[in-house]
Amino acid sequence: MSKYYFETQEFGVSDHGIHLLRSRFNYKTIDFSQVAKISIERGKELNNWIAVLVLGVALISFAVYYAAGVFTTITGGTQRVIYIEGIVVPIIPFLMGVYCLYSSTRNGVVMRVYTMEDKHERFPLKELKQELMPFQQFLKERAGTKVRSFQEGACSTR
């Protein structure tokens, strides 16, 4: 096992290349010789952010529709008994939908690795917030001119 100079939940970087990790175990290694380009930029932290956004909108729509039905039942006066479950049901989907909207629109610093086989991987660098400059320097030393990062002064993550 190689020593990782920089490590997050998704990847670790060693002298040999970028190691893709699952539960801290290497399942794939991208050698620096196989890398076509490494780009460090601001972008979406979630890989499937569109699917999460659609799920959030659907959950919020369901919650609003269900709450409107409960409200018309209460104000209509046709039903005498209203169970507490009928009032609580729209709350959980609404809260989950709000969280999905929040997480799908969250931006941060991400690293995109493009390989010679026209494949690319995207990794959030939120865990490396304090070590972003040394991380960029390390990549520039190992991969050379293949590394492209956004402006050096704009590297602060808010």
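The values are calculated or read from the model by the stated rules, or taken from the named source; none is laboratory data. Keep in mind it's a predicted model, so treat the numbers as computed, not measured. Every residue, glycine as well, gets a Cβ built from its backbone with ideal geometry; the counts of neighbours run over all protein chains shown. Heads up: the accessible areas ignore ligands, DNA and RNA and are worked out on the full protein's heavy atoms, side chains in. Shrake-Rupley method; radii C 1.70, N 1.55, O 1.52, S 1.80 Å.
These residues, R42, R22, go from largest to smallest accessible area, 1.4 Å probe, as R22, R42. Contact order, relative form, for the range 19-145: 35 percent (alpha carbon pairs under 8 Å, 6 or more residues apart, mean separation divided by residue count). The residues of the range 16-158 expose on average 66 square angstrom of accessible surface per residue, using a 1.4 Å probe on protein heavy atoms. Translational diffusion coefficient of the range 1-69 (Stokes-Einstein, Kirkwood radius from Cα pairs, 10 °C, 1.306 mPa s): 104 µm²/s. Put a plus charge on the Cβ of each Lys and Arg, a minus charge on the Cβ of each Asp and Glu, and nothing anywhere else: the dipole of the chain about its Cα centre is then about 120 debye.
Once you reduce the range 17-39 and the range 120-143 to the center of their Cα atoms, the two points are 12 Å from each other.
Directionally averaged projected area (the chain, Cα convex hull): 12.7 nm².
Shown is the FRET efficiency for Q9 and V88, computed with R0 = 25 Å from the Cβ-Cβ distance and rounded to the nearest 0.05: 0.15. The residues D118, D31, sorted by heavy-atom accessible surface at 1.4 Å with ligands and nucleic acids left out, run D118, D31 from largest to smallest.
The accessible surface of the range 47-143, taken with every protein chain in place and a 1.4 Å probe, is 64 percent carbon and sulfur. Hydrophobic, long helices, defined as DSSP H runs whose alpha-carbon span along the helix axis is 15 Å or greater and whose mean Kyte-Doolittle value is at least 0.5, occur in the chain at 49-76, 91-104. Between the amide H of S149 and those of I40, distances stay under 5 Å, these residues lying 5 or more places away or on another chain, with hydrogens modeled in the peptide plane. In loop segments of the range 76-132 as defined by DSSP, the chymotrypsin sites (Phe, Trp or Tyr not before Pro) with at most 11 further C-beta atoms inside 10 Å of their C-beta are Y83. Please find the FRET efficiency linking S23 to K140, where r is the Cβ-Cβ separation and R0 is fixed at 30 Å, and quote it to the nearest 0.05. So the FRET efficiency works out to roughly 0.55.
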